[in-house]
Amino acid sequence: MSATREIWYLHFATFFFFLGIALVGPLISPFSISLGADPFLVGLIAAVSAVVALLTKPLGGYLGDKGFRFHLMLAGTVLGVIAGILYVLSHHTSNLWLFALGRGLHGFAMGIFFPPNLSTAIDLAPEGRVGETLGWRGTMFSLGNLIGPALGGYIADFSGFTVAFATAAGLSAVAALLVLNAYRHVGKHLPARGYHREEPNYRLLLRPFFVFASLGLLFMSLSYSGLNTFLPALYKVSGLGTAAFGTYASIMGGSSLITRVIGGKQADLRGPVKIATLGLALITASYVLLNALPFPPGSYASALVIGAGFGLAVPSLQMMALASLPQRIRSFGSGIYTMFFDLGFLVGPMLLGYIAKLHGYRAVFPILPWLALAALFLIQFPRFLRAGGERSG
């Protein structure tokens, strides 16, 4: 079903929602420390949002399939506003637990917003342009995450935590208005509550394309978590400033933005498996390059390659996993699928951190190409285990 240009209301809602969340990201540790948190509490508060999001994504997906997709997206944006207000109150009262509660609410907001947002983008995509639509959605998501940390740091430095947190709440309010506008324009394209009379068949989530795309995402996430956690640590102990990894991340993010829509369009034309394979091959090659040139400026070449690889792989894997699922289980499938990314980011730093503790930070990076290569091999299996009606590419 097609909602043509009106789907951009949903894309912009995605941008502002995740911009508000990303804006708070770099402020979590310094703000917690300013309220007297010890290192353990800093880490705990930083993890609250991710853990709550991981646990609530299946709920968001399940309720989304019951006809509450826009209700959930609206509730997520409203919770984002409430979380921002709690951040402001925690600053004025110097109450660390109010801040922790706000982080939990922001995690819950992500958990109920993300699955119906992703599945709705697929449902509203014009015929033959699912990958392209996912590419644009991914671009809005990435753009929010690219701009947000710098914006949050800048506002906090020049105007203080209160203004930064109030800005986060305001961005979520803008997202809420856009969700309402999106529903007014494209809600008619989606089934109403109670449309699916038959019971959803969740066994269809065992389709090879869904299973192996999810496993591929897990291994890709494991490798990326290692890069994101231990490359800045390596730079720190090597005497480089935080700007070294900041530049690396900016190059990677910019490169990913450029290739997201290209990857989606090519997935529509050539099939998602082929484009995801190319993306994961680039990611694998980038980790090999990073091992050869781990320090800037040479390492920035790997940032360019890995960003391009992510831009190709992410919308293709989403299309591979979700496009062929029946609509009545697609939101739940979106929740389960994205949990594999969260799981990689929760488990990866612990497993790779143990290796870093035994052998040093440099020992982590030779493992990353093998994790990406495992993801590449895993997504090939559906070619040999085709399920009826699934497009292999």
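For this structure, a couple of remarks:
- Solvent accessible area, Å² - Ser256, 1.4 Å probe, full protein context: 10
- Overall, the ratio between the Cα radius of gyration of segment 204-383 and 2.2 N^0.38 Å, rounded to two decimals, is 1.03.
- In the chain, taking the dipole from charged Cβ atoms about the Cα centre, the farthest positive-side position among Leu178, Gly333, Gly309 is held by Gly333.
- Scaled radius of gyration (Cα, divided by 2.2 N^0.38 Å) that segment 1-189 gives: 1.03
- What you get for segment 204-383, charging only the Cβ of Lys and Arg (+1) and of Asp and Glu (-1), is a dipole of about 260 debye around the Cα centre.
- Long-range tail of P(r) for segment 210-270 (Cα pairs > 15 Å, %): 67
- Reduced Cα scattering model of the chain, Debye log10 I(q)/I(0), q = 0.07, 0.08, 0.14 Å⁻¹: -0.30, -0.40, -1.27
- The charge dipole of the chain, taken about its Cα centre with unit charges on the Cβ atoms of Lys, Arg (+1), Asp and Glu (-1) only, comes to about 740 debye.
- Diffusion coefficient of segment 68-124 by Stokes-Einstein, Kirkwood radius over Cα pairs, 10 °C, 1.306 mPa s: 134 µm²/s.
- The order of Trp370, Trp8 by accessible area, most exposed first and with a 1.4 Å probe, is Trp370, Trp8.
- Gaussian network model of the chain, springs between alpha carbon atoms under 10 Å - residue of His359, His106, His11 with greatest fluctuation: His359
- Simple spin-label estimate for Ala301 and Thr162 gives 5.1 nm between the two label positions (7 Å along the Cα-to-Cβ direction from each Cα).
- Values of log10 I(q)/I(0), in the order q = 0.13, 0.21, 0.25 Å⁻¹, for segment 87-153 under a Debye, Cα-only, solvent-free model: -0.56, -0.95, -1.07
- Two tests apply to each whole DSSP H helix in the chain, Cα reach of 15 Å or more along its axis and mean Kyte-Doolittle hydropathy of at least 1.6, and the ones passing both are 7-24, 39-63, 368-378.
- Once exposed loop GluC sites (Glu not before Pro) are cut out (DSSP; at most 11 other Cβ, 10 Å), longest piece of the chain: 199-393
The values are calculated or read from the model by the stated rules, or taken from the named source; none is laboratory data. No experiment lies behind these values; they were computed from the predicted model shown. Don't worry about glycine lacking a Cβ; one is built from the backbone with ideal geometry, like all the others, and counts go over all protein chains shown. Keep in mind that these areas ignore ligands, DNA and RNA; they rest on the heavy atoms of the full protein, side chains included. Shrake-Rupley method; radii C 1.70, N 1.55, O 1.52, S 1.80 Å.
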